[in-house]
Amino acid sequence: MPSPETTQAPPVAKRRAPAHKSYVMTKAEAVSSRAWWVVDATGKPLGRLASQVASVLRGKHKPTYTPHEDTGDFVIVVNADKIALTGAKLDKKFYYHHSGIPGGFQAESYRHLLARDGTFPVEKAVKGMLPKGVLGREMLTKLKLYITPDHPHAAQKPQPLTLK
C-alpha cells in the first residue's frame, strides 16, 4: 500500500468561461427603456403593417430582446381606417363571429368592418401576430389605434417609425 504522502488527488478541471454571454433584460429595465413610435397607416398593406408593428411591440428590433419579457415599445397607429387590402380582399375577406347560440354565426366583409369600426382590422391582425397568453395581452396594451391623424400622446414625443 502506498504511503499517504505519495498519493495525489486527481487533477481538478478548470472551469472555462462561456464563449457567449446571454443577456436577460429584467422587467424594470424593460419598462425604463420603452420608446414611443407613431405610424401612419394610410395606403399601407394590412399584413405588412401588422407584422412590423407586432415586431416593435414585442421588442425584436432591440439588441436587448428577451423572449419571456415584454421588452417592446409603444406604437401609435394613426389613420387606421385607411389601410390597404390588396386584391379583392375588401369584399372577399370576411370576419367571422359566433355568438354561441345555435344559428348565431355571422360573417362580415372587411369593407363593412372598416366602415363600422376602422381600428378593429389592424388590432385583430396585430393580435394574431403576438404571443398567445398573458405576455401577448400585455404587449397588446402598448398598441394605440386612432382613425384620425390626431392622437393624445404628443407629450410622450413619439418618433415616426419607418416601415420597410
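Across the chain, Cα-Cα pairs farther apart than 19 Å form 65% of the total. Roughly what angle does helix 46-58 make with the longest principal axis of the chain, taking Cα atoms, 0 to 90 degrees, to the nearest 10? Computed tilt is about 40 degrees. Among the trypsin sites (Lys or Arg not before Pro) found in the range 49-140, those both in a DSSP coil and sparsely packed, with 13 or fewer other Cβ atoms within 10 Å of their Cβ, are Lys60, Lys132.
What percentage of the solvent-accessible surface of the chain, computed with a 1.4 Å probe over protein heavy atoms, is contributed by carbon and sulfur atoms? Using a 1.4 Å probe with all protein chains present, the chain comes out at 58 percent carbon and sulfur.
With every protein chain kept in the model, how would you rank Ser109, Ser22, Ser99 by accessible area, 1.4 Å probe, largest at the top? Walk me through the numbers before you get to the answer.
Values: Ser109 10, Ser22 110, Ser99 70 Å².
So the residues, ranked largest to smallest area, are Ser22, Ser99, Ser109.
Between Ala154 and Lys89, full extension at 0.36 nm per residue minus the direct alpha carbon distance yields a gain of 20.0 nm.
Selection among His153, Gly128, His112 by position relative to the dipole of the range 102-164 gives Gly128 as farthest towards the positive end (Cβ unit charges, Cα centre). Reducing the range 107-164 and the range 58-74 to their Cα centroids gives an inter-centroid distance of 18 Å.
Which length gain, in nm to one decimal place, applies between Lys82 and His97 when the Cα-Cα distance is subtracted from 0.36 nm times their residue separation?
Details: separation 15, 0.36 × 15 = 5.40 nm, distance 2.32 nm.
Extra length from Lys82 to His97 when fully extended: 3.1 nm.
Run the dipole for the chain about the Cα centre, Lys and Arg Cβ at +1, Asp and Glu Cβ at -1, nothing else charged, and hand back the magnitude in debye, nearest 20.
Details: 25 positive and 13 negative charges, 81 e Å.
Once rounded to the nearest 20, the dipole reads 380 debye.
In the context of the full set of protein chains, the range 1-142 has a per residue accessible area of 66 Å² (1.4 Å probe). The Leu135 and Ser109 beta-carbon pair, evaluated with R₀ = 45 Å, returns a calculated FRET efficiency of approximately 0.90.
Where in the range 14-43 are there trypsin sites (Lys or Arg not before Pro) that are in a DSSP coil and have at most 12 other Cβ atoms within 10 angstrom of their Cβ?
Working: sites: Lys14, Arg15, Arg16, Lys21, Lys27, Arg34; in loops: Lys14, Arg15, Arg16, Lys21, Arg34.
Qualifying residues, ordered by number: Lys14, Arg15, Arg16, Lys21.
Between Thr64 and Ser32, the contour length at 0.36 nm per residue exceeds the alpha carbon distance by 10.2 nm.
The values are calculated or read from the model by the stated rules, or taken from the named source; none is laboratory data. This is a predicted model, so every value here is computed, not measured. Cβ atoms come from the backbone with ideal geometry, glycine included; neighbour counts cover every protein chain shown. Ligands, DNA and RNA are stripped out before the accessible areas are found, and what is left, the full protein with its side chains, is counted by its heavy atoms. Shrake-Rupley method; radii C 1.70, N 1.55, O 1.52, S 1.80 Å.
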